[in-house]
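Undergrad: Input: one structure, supplied below.
The values are calculated or read from the model by the stated rules, or taken from the named source; none is laboratory data. In this text the structure is predicted, and so the values were computed from the model without any measurement. So basically every Cβ, Gly included, is an ideal-geometry build from the backbone, and we count neighbours across all protein chains shown. The protein model used for the area step is the full one, side chains on, heavy atoms only, and it has no ligands, DNA or RNA in it. Shrake-Rupley method; radii C 1.70, N 1.55, O 1.52, S 1.80 Å.
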Amino acid sequence: MKPEFIYKVPAELGTEGQATAEREAKTLYSELLDKGARNMTEIKVELRDSDIVSSWVIDGERYYNN
């Protein structure tokens, strides 16, 4: 089962910002699967102040990758 992908992108970044967030989420998902992560329910990518903040939820616990 694939996790829910959530993207928080400021409107001023438009479709380019959305595409960046989607790419980052797919890359993170692939890396986590390669490391053996299971039971992921959510992957969230936020673009803030030129930074990408990503997190994921496994078994109800949120983890961050900055």
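Undergrad: Restricting the search to region 41-53, which residues are of a type outside the set (A, V, I, L, M, F, W, C), touching a Pro at 6+ places or on another chain (Cβ under 9 Å) and open to solvent by less than 60 Å² (accessible area, probe 1.4 Å)? Working first, answer last.
TA: Of all residues in region 41-53, those of a type outside the set (A, V, I, L, M, F, W, C) come to 41-42, 44, 46, 48-51.
Pick out the ones that are also touching a Pro at 6+ places or on another chain (Cβ under 9 Å) and you get 41-42, 48.
Glu42 - this is the single residue of region 41-53 that is of a type outside the set (A, V, I, L, M, F, W, C), touching a Pro at 6+ places or on another chain (Cβ under 9 Å) and open to solvent by less than 60 Å² (accessible area, probe 1.4 Å).
Undergrad: Consider Arg38 against the criteria (1) part of a helix (DSSP H, G or I); (2) open to solvent by 100 Å² or more (accessible area, probe 1.4 Å): it satisfies all of them except one. Which criterion is unmet?
TA: For Arg38, the exception is condition (1).
Undergrad: Ok, one more. Need the failing condition index for Leu32 against (1) open to solvent by 40 Å² or more (accessible area, probe 1.4 Å); (2) in a helix (DSSP H, G or I), just the number.
TA: Answer for Leu32: the failing condition is (1).
Undergrad: Report, by residue number, each residue of region 49-66 that is part of a strand (DSSP E or B) and either in contact with a strand residue (DSSP E or B) (Cβ under 6 Å, 6 or more places away or on another chain) or touching a residue at least 12 places away in the same chain (Cβ under 8 Å) (or both). Step through it out loud before you land on a result.
TA: Here is the first cut: in region 49-66, the residues part of a strand (DSSP E or B) are 51-58, 61-65.
If the condition is that a residue be part of a strand (DSSP E or B) and either in contact with a strand residue (DSSP E or B) (Cβ under 6 Å, 6 or more places away or on another chain) or touching a residue at least 12 places away in the same chain (Cβ under 8 Å) (or both), then Asp51, Ile52, Val53, Ser54, Ser55, Trp56, Val57, Ile58, Arg62, Tyr63, Tyr64, Asn65 are the ones that fit.
Undergrad: Limited to region 6-39, what total is found for residues that are closer than 13 Å to Ile58 by Cα and touching a residue at least 24 places away in the same chain (Cβ under 8 Å)?
TA: Count: 2.
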